[in-house]
Amino acid sequence: MRHDWTKEEVLEIYNKPLMHLLYEAATIHRESHNPNQVQVSTLLSIKTGGCPEDCGYCPQAARYHTDVEGNDLMSVQQVKAQALRAKSSGSSRVCMGAAWRNVKDGPEFDQVLEMVRTINKLDMEVCCTLGMITENQAHRLAEAGLYAYNHNLDSSEEYYKEVISTRGYQDRLDTIDNVRKTNVTVCSGGIIGMGESAEDRAGMLVALASLSPQPESTPINALVAVEGTPLEEQQPVSIWDMVRMVATTRIVMPQTQVRLSAGRTQMTREGQAMCFFAGANSIFAGDKLLTTPNPDVNEDMEMFKLLGLEPMKPFVKKAQPETVEAQYSEYKALGEKPKWTRPDHKIERNEEAKLAAKAAKS
Ligand code: SF4
């Protein structure tokens, strides 16, 4: 396992003649994974919209004018019902996303902890993506039975500044570091098609691969350009870029589960098959990915049948965590107020989208 990839080396892999790249990635894939097994995750938006951040790709940012309807935090019972549905249609993991800048101790976080306990008891892997978290919050999630925490790096450190101005790259790395102080696995990846260069894609992979240990799962998203967001005009990413990105990720992070995430509705089955061949071994299932469209689960199961793929069982890569009930918890709410950064720069297209939203609302 290498953690010292340089951007030049990764770029050289990314730009290899495609057949060489595919062959190399597929060979490495077979050394660590069963190529016929694909891990299936269901993503639930447990709290939608109204986010104070300015991520240029995201329709949930309160400052942009999009069609997304906000929702308060779901109840534990609602989440349990959706998790059971996901389990019966072949998902081994439920990933719960809340549109928060960072987690705050209090009744809402306590409710999320209860959701984690509930889903873990259904013998499914539980993942959360809740924004930035402290070490104590990471321990509380671990005690509840969390299997994975998602926190994407999104892009290279350089290009990150062109997309998000309300927090810094180091904040992302610090949250990942906090998760690493527990037994929760790390899920971290990014998005292509935001206007970044191939160098930026390589830069993101260098940042991910240099984490030690490397993330246990890495989502590769293709931007879904949503009207009203600063990136609304971006053209869909080509399948060839997607295949190259998946293959390069597989080569520099041989053990990670590479997840085909947002943007699958824009991909043909042939395109997705090429991604599986290149080393993708996970998908998000369900007709919605937080707020953007995703293929129907029945269509995915048909595709699996066609390609001879099967959904992976839960806890194949790591044992199921134990759930500690709230009353026996060693880690209590500390009510911390961590100083997550607010970098002092403006992104022109984010500012324009914010002004357009103000005008539309007035
Ligand atoms: S990506 Fe997450 S943090 Fe960024 S605006 Fe959307 S919900 Fe908020």
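No lab work stands behind these numbers, since they all come straight from the coordinates. Owing to the predicted nature of the structure, the values given are computational and were not obtained by experimental measurement. Every residue, glycine as well, gets a Cβ built from its backbone with ideal geometry; the counts of neighbours run over all protein chains shown.
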By a straight-distance test (C-alpha under 16 Å), which lysines pair with LYS7 as possible cross-link partners, with residues fewer than eight away in the same chain excluded? LYS16
In nanometres, what is the gap between the two model label sites at GLU9 and GLU233, each 7 Å from Cα along Cα-to-Cβ? 3.9
Let's see if you can work this out: charge +1 on each Lys and Arg Cβ, -1 on each Asp and Glu Cβ, no other charges. What is the dipole magnitude of the chain about its Cα centre, in debye to the nearest 20? 620
Give the separation of the Cα centroids, region 32-46 to region 75-107, in Å. 16
Euclidean distance of C-alpha centroids, region 320-347 and region 158-227, integer Å: 20
About its Cα centre, how strong a charge dipole does region 224-269 have in debye, to the nearest 20, once Lys and Arg get +1 and Asp and Glu get -1 at the Cβ? 420
Just how large is the dipole of region 204-362 about the Cα centre, in debye to the nearest 20, putting +1 at every Lys and Arg Cβ and -1 at every Asp and Glu Cβ? 400
As a test, work out the antiparallel percent of DSSP beta bridges whose residues both lie in region 12-315, rounded to the nearest 5. 10
Residue-wise HN-Hα coupling along region 147-159, computed from phi with Karplus coefficients 6.51, -1.76, 1.60 (Hz; x: Gly, Pro): 8, 8, 10, 9, 7, 7, 7, 6, 7, 6, 4, 5, 7
For region 292-344, compute Rg over Rh where Rg is the Cα radius of gyration and Rh is the Kirkwood radius from the inverse mean 1/r over Cα pairs. 1.24
Taking loop as defined by DSSP and a crowding limit of 15 other beta carbons within 10 Å, which trypsin sites (Lys or Arg not before Pro) in region 128-187 fit? LYS161, LYS181
Taking a ≥ b ≥ c as the square roots of the eigenvalues of the Cα gyration tensor of region 1-102, is the shape rounded (a/c under 1.5), prolate (a/b larger than b/c) or oblate? oblate
With a sphere of radius 14 Å drawn around the Cβ of ARG244, what net charge do the other residues whose Cβ falls strictly inside it have (Lys, Arg +1; Asp, Glu -1)? -3
Out of region 207-279, which trypsin sites (Lys or Arg not before Pro) are coil in DSSP terms and have no more than 14 other C-beta atoms within 10 Å? none
Pairwise FRET efficiency - GLU310 versus ARG342, Cβ, R0 = 45 Å, nearest 0.05: 0.45
For region 229-290, what is the Kirkwood estimate of the hydrodynamic radius, computed as the reciprocal of the mean inverse distance between distinct Cα atoms, to one decimal in Å? 12.4
Total formal charge among the other residues, if their Cβ is under 12 angstrom from that of GLU227, Lys/Arg +1 and Asp/Glu -1: -3
Go ahead and collect, in residue order, the members of region 115-150 whose backbone nitrogen is under 17 Å from a label point 7 Å along the Cα-Cβ direction of LYS317. 124-129, 146-150
Cys in the chain lacking any partner Cβ under 4.7 Å -> CYS51, CYS128, CYS187, CYS275
Local electrostatic count, GLN78, Cβ distance below 13 Å [Lys/Arg +1, Asp/Glu -1]: +1
From the Cα gyration tensor of the chain, with a ≥ b ≥ c the square roots of its eigenvalues, which class applies: rounded if a/c is under 1.5, or else prolate if a/b is larger than b/c, or else oblate? rounded
Where in region 34-135 are there GluC sites (Glu not before Pro) that are in a DSSP coil and have at most 10 other Cβ atoms within 10 angstrom of their Cβ? GLU69
Just GLY131, GLY203, GLY335 to compare: in a GNM of the chain, with alpha carbon springs under 10 Å, which one fluctuates most? GLY335
